[in-house]
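Notes follow once the structure below has been shown.
The values are calculated or read from the model by the stated rules, or taken from the named source; none is laboratory data. Not measured: the values here are computed from a predicted model. Here Cβ is always computed from backbone atoms with ideal geometry, including for glycine, and neighbour counts include all displayed protein chains. Heavy atoms of the whole protein, side chains included, go into the accessibility calculation; ligands, DNA and RNA do not. Shrake-Rupley method; radii C 1.70, N 1.55, O 1.52, S 1.80 Å.
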Amino acid sequence: MKKVLITGGAGFIGYHLANNLLLSNYKVDLLDNFSRAVEDQQLMALEKNDRVNLINEDILNSEIANKLDSDYEFIYHLAAVIGVQHVLKSPFDVLVKNFLLLQNTLMIAEKQKKLKRFIFASTSEVYAGTLKYYGLKFPTIEKTPLTINELSEARSSYMLSKIYGEAMCLQSGLPITIVRPHNFYGPRMGLSHVVPELMKKTVESKTGSIDVFSPNHKRTFSYIKDAVNMIQLLAESKLTIGKAYNIGDDREELRIIELAQKIIDLIDNKININCLSTTPGSPERRIPSIKKVNQVITYVKKYPLEEGLKETFNWYDKYIFSGNEKSAI
C-alpha cells in the first residue's frame, strides 16, 4: 500500500487531499501542530479510518525528521504561514517560518528510502510583482518571469517565501513537483478568505447591506475537490518532475462584486452591496492558464462555481454559522 505524508495535513487542503488519496487506497499520515487547524467532527471522522494517522507535531522542530517513518512514497508539503491577515500582521514570521518549515520537510524527504515525489504548495502570489511592474498576460502561464515587490511591503513576505521555496525545492536534488494554487475555496477553509467571509457577512448582516472591498478586482475560483484531484494526478505523473503547475480554473472569471451577488442570491437574503476601497496589495486580476496541466493529465472540472458555492455554504451554515463547530483560523 502506498504511503503518504501531508504536512499541514489537518488544514483545509490537507483534509480534502487526504480524503481523495484514501479513495486511491493510500495510507495517509497527517502532520500538523494545530496552530491554525481545528480538530472538528470532519477531522475526527477521518481519523477513524485505519489508513489515517494524525501526528500532532511541530515541523519547526529541527528533530522532526528523526520522529517520522522513512517509507513515504509521496510527501505533500502544505504547511505554511498563509492568509492575508496573518501575512500583514507578522511578515517576519512568514519569511522565517516558511523557510524553516520547508527546510525541515526537505530533511524528512531526504531520509525516505523510496520517495517518488515531493509536492511543494507554492502560490499564485508569485506572479504579483510581475503584474504590478510589468503587467501579465491572462490567463497567466507558468513560464511568466517572476518579479519581486518592494521588500519593505509586508505582503511581499509571503510571495518571497514561496519563490525562495520553489528555488530550494528545484535545487534539492529530490523528485519535485511544484503547484501554484489559485483561489481555492470550499468547506473547512476558515473564515479569513473571500468566499466564507462574504457568506458570513451576508448571513449576519443586520443593516441590509454588506461591505465589499476591491469590488472590481477579477478572479476565477477553484472548488477544493477539483483542486485536490488535479494535484494528486500531477503528483502521480512521471512527466511532472522538476516542473511548476498552476492549479485553478481559467474559465469562470468574475468581479468580486459579482461573487458577492452570487452569494447573496444563493443565501436568498435581500442584501445591498457597499463597494469600498481596494485592499492594499491585492492584484487587480488573477486567472491561471491550465494548458500546461492539461498537457499532462486528463481532468474535467466537476464543480461549476454555483454548485461549489452551494456545497460550501451548506457546510458553513450547518457547522460554523450555527455555532456547532469552531472554524479554523
If you take every residue apart from Tyr26 with its C-beta less than 11 Å away from the C-beta of Tyr26, what net charge results, scoring Lys and Arg +1 and Asp and Glu -1?
+1
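How charged is the neighbourhood of Ile241? Take every other residue with its Cβ under 12 Å from the Cβ of Ile241, and add Lys/Arg as +1 and Asp/Glu as -1.
Taking every other residue near Ile241 into account, the sum is +3.
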Mind telling me which of Gly281, Gly190, Gly129 comes out most flexible in a GNM of the chain, alpha-carbon contacts under 10 Å?
Gly281
As straight-line cross-link partners of Lys243, the qualifying aspartates and glutamates (C-alpha separation under 13 Å, not fewer than 8 residues apart within one chain) are Glu142, Glu166
In segment 261-329, which trypsin sites (Lys or Arg not before Pro) are in a loop and have at most 14 other Cβ atoms within 10 Å, using DSSP for the loop call?
Lys270, Lys302, Lys326
For segment 1-73, shape from the Cα gyration tensor axes a ≥ b ≥ c, cut at a/c of 1.5 then a/b versus b/c, turns out oblate
Reachable lysines from Lys206, criterion Cα separation under 18 angstrom, eight or more residues apart if same chain:
Lys270
Between Glu63 and Arg51, with labels modelled 7 Å along Cα→Cβ, what's the label distance in nm to one decimal, could you check?
3.3 nm
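Of Lys67/Lys111; Lys162/Lys302; Lys27/Lys302; Lys89/Lys262; Lys27/Lys114; Lys225/Lys302, which ones are farther than 20 Å apart at the Cα? Mind dumping the intermediate values first?
Details: Lys67/Lys111 11 Å; Lys162/Lys302 29 Å; Lys27/Lys302 25 Å; Lys89/Lys262 30 Å; Lys27/Lys114 15 Å; Lys225/Lys302 8 Å.
Beyond 20 Å between Cα atoms: Lys162/Lys302; Lys27/Lys302; Lys89/Lys262.
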Could you work out [θ]222 nm for the chain from helices alone, using -39500 (n - 2.57) per DSSP H run of at least four and dividing by all its residues? Round to the nearest 500 deg cm²/dmol.
-11000 deg cm²/dmol
Inter-label distance, nm, simple model (7 Å from Cα along the C-beta direction), Leu22/Gln171:
4.0 nm
From the square roots a ≥ b ≥ c of the eigenvalues of the alpha-carbon gyration tensor of segment 280-322, which class results: rounded (a/c under 1.5), prolate (a/b over b/c), or oblate?
oblate
Accessible area of the chain belonging to carbon and sulfur atoms, whole % at 1.4 Å probe:
51 percent
Cα-based shape type of segment 228-267, given that a ≥ b ≥ c are square roots of the gyration tensor eigenvalues and the cut on a/c is 1.5:
prolate
The answer for the chain, accessible area per residue at 1.4 Å probe in Å², is 46 Å²
What is the distance, in nm, between label points placed 7 Å from the Cα along the Cα-to-Cβ direction at Asn314 and at Val300?
2.2 nm
